[in-house]
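*Asks:* Mind looking over this structure? Questions follow.
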Amino acid sequence: MSSPTVRRGGVGSTSRGAWVLDVSFVRRWIVEAAARIEEQRDFLTQLDAAIGDADHGINMHRGFGAALATLESSAADQPPGELLERVGMTIVYRVGGAAGPLFGTGFRDIGRTISDAPAPDAEALLMALTAGLDGIQRLGAAAPGDKTIVDAWAPALTAFESSLRSGGRVDEAAREAADAATIGVAATLPMQARKGRASYLGSRSIGHQDPGATSTALLFGALERVVRRTA
Ligand SMILES: [Mg+2]
């Protein structure tokens, strides 16, 4: 992963407010994400039917259902990073297709980074989300513009970081990240897929919204809502 320099007491640090990247936040994030994926399960599958094999919503729903079971089977005081690592491994094993290893690796690397962070603050969340994207790109070798998860995650991360760097509160940064992810999803429509099953379609993948990017926007939407409620 790239390693952003950690600035103690940097913007978004807990000294500016009550927000803490704790296990309660992590649990709420996964619960909210699972709810959104359940709501959008059929839509995600429809998107995948157009340019893939029509299982993305089914797989994500099964994986996040398993992630909820992981939350239930984890000790209440399990450190947040360790809990996200467990969630990541659950998603690797329970979500099929390419999405399982990609999202699972993302959550696992988010968790590892939180475990190593010097303070449970907005900087730690930024580092963790960065590590998540790094993990996904290391595994999937997708670049921006390939019509993948990266096309929502990368702009969300850029927006989150620039908001924090310009003095934004963590909830503002999370809102800008969620908005950027949504815009990133729309931007996948005119793209020709260059990774994954959709790439087999060549130019026929143009005009369709990418399912993985769509799921990514749901994860960032969930993050925004939970940060807003806890900040
Ligand atoms: Mg599929």
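The values are calculated or read from the model by the stated rules, or taken from the named source; none is laboratory data. The structure presented is a predicted model; accordingly, all values stated were derived computationally and were not measured. Neighbour counts are summed over all protein chains in view; Cβ atoms, including those assigned to glycine, are modelled from backbone coordinates with ideal geometry. Surface areas here come from the heavy atoms of the whole protein model, side chains and all, with no ligands, DNA or RNA. Shrake-Rupley method; radii C 1.70, N 1.55, O 1.52, S 1.80 Å.
*Asks:* Compute the length gained on full extension between GLU39 and THR158: take 0.36 nm times their separation in residues and subtract their Cα-Cα distance, giving the result in nm to one decimal. Spell out each step's value before the answer.
*Replies:* Details: separation 119, 0.36 × 119 = 42.84 nm, distance 2.72 nm.
Extra length available between GLU39 and THR158 comes to 40.1 nm.
*Asks:* Still on this structure: Between ALA66 and SER166, what is the label-point separation in nm under the 7 Å Cα-to-beta-carbon projection?
*Replies:* If labels sit at SER166 and ALA66, their model points lie 4.1 nm apart.
*Asks:* How are the Cα pair distances of the stretch 42-97 distributed, in percent, across 5 Å bins from 0?
*Replies:* The calculated distribution, bin by bin, is 5, 21, 23, 17, 14, 10, 7, 3, 1.
*Asks:* For the stretch 179-231, what % of the accessible area comes from carbon and sulfur atoms, probe 1.4 Å? Intermediate values should be presented prior to the final figure.
*Replies:* Working: 1270 of 2460 Å².
Roughly 52 percent of what the probe reaches on the stretch 179-231 is carbon or sulfur.
*Asks:* Given Cα positions, please report Rg to Rh for the stretch 179-218, the hydrodynamic radius being the Kirkwood one. Each step should come with its number before you reach the end.
*Replies:* On the way: Rg = 9.9 Å, Rh = 10.1 Å.
Result: Rg/Rh = 0.98.
*Asks:* When you have a sec, figure out the Kirkwood radius of the chain from all distinct Cα pair distances and drop it here in Å to one decimal?
*Replies:* 17.3 Å
*Asks:* Now for a separate question. Rank ALA141, ALA122, ALA180 by mean-square fluctuation in a GNM of the chain with C-alpha springs under 10 angstrom and give only the top-ranked residue.
*Replies:* Taking springs between Cα atoms under 10 Å, the residue moving most is ALA141.
*Asks:* Evaluate the charge dipole of the chain about its Cα centre and quote only its size in Debye, nearest 20, assuming +1 on the Cβ of each Lys and Arg and -1 on the Cβ of each Asp and Glu.
*Replies:* Dipole of the chain, to the nearest 20 debye: 180 debye.
*Asks:* Say each of SER24 and ARG228 gets a label point 7 Å from the Cα, pointing the same way as Cα to Cβ; how far apart are those two points in nm?
*Replies:* It works out to 2.0 nm between the two label points.
*Asks:* What share of all Cα pairs of the stretch 126-231, in percent, falls into each consecutive 10 Å distance bin?
*Replies:* P(r) for the stretch 126-231, in whole percents per bin: 17, 46, 27, 9, 1.
*Asks:* For MET127, what accessible surface area do you get with a 1.4 Å probe? Give it in Å², rounded to 10.
*Replies:* 20 Å²
*Asks:* To continue, here is another question. Show me, for the stretch 33-47, the HN-Hα J-couplings you get by feeding each phi into the Karplus relation (A = 6.51, B = -1.76, C = 1.60, θ = phi - 60°), rounded to Hz, glycine and proline as x.
*Replies:* 4, 4, 5, 5, 5, 4, 4, 9, 3, 5, 5, 4, 5, 4, 4
*Asks:* Something else about it: Go through SER74, SER162 and list them by solvent-accessible area, largest first, probe radius 1.4 Å. All intermediate terms of the calculation are to be shown ahead of the outcome.
*Replies:* Details: SER74 15, SER162 65 Å².
Per-residue accessible area, sorted high to low, gives SER162, SER74.
*Asks:* Could I ask something else about it? Tell me, what is the per residue accessible area of the stretch 23-230 in Å², probe radius 1.4 Å? List each step's numbers first, then the result.
*Replies:* Working: 8230 Å² over 208 residues.
Accessible area per residue: 40 Å².
*Asks:* Along the stretch 183-195, what does the Karplus equation 6.51 cos²θ - 1.76 cosθ + 1.60 (θ = phi - 60°) give for ³J(HN,Hα), rounded to whole Hz, x for Gly and Pro?
*Replies:* So the Karplus estimates, Gly and Pro as x, are 5, x, 4, 4, 5, 6, 4, x, 7, 8, 5, 10, 9 Hz.
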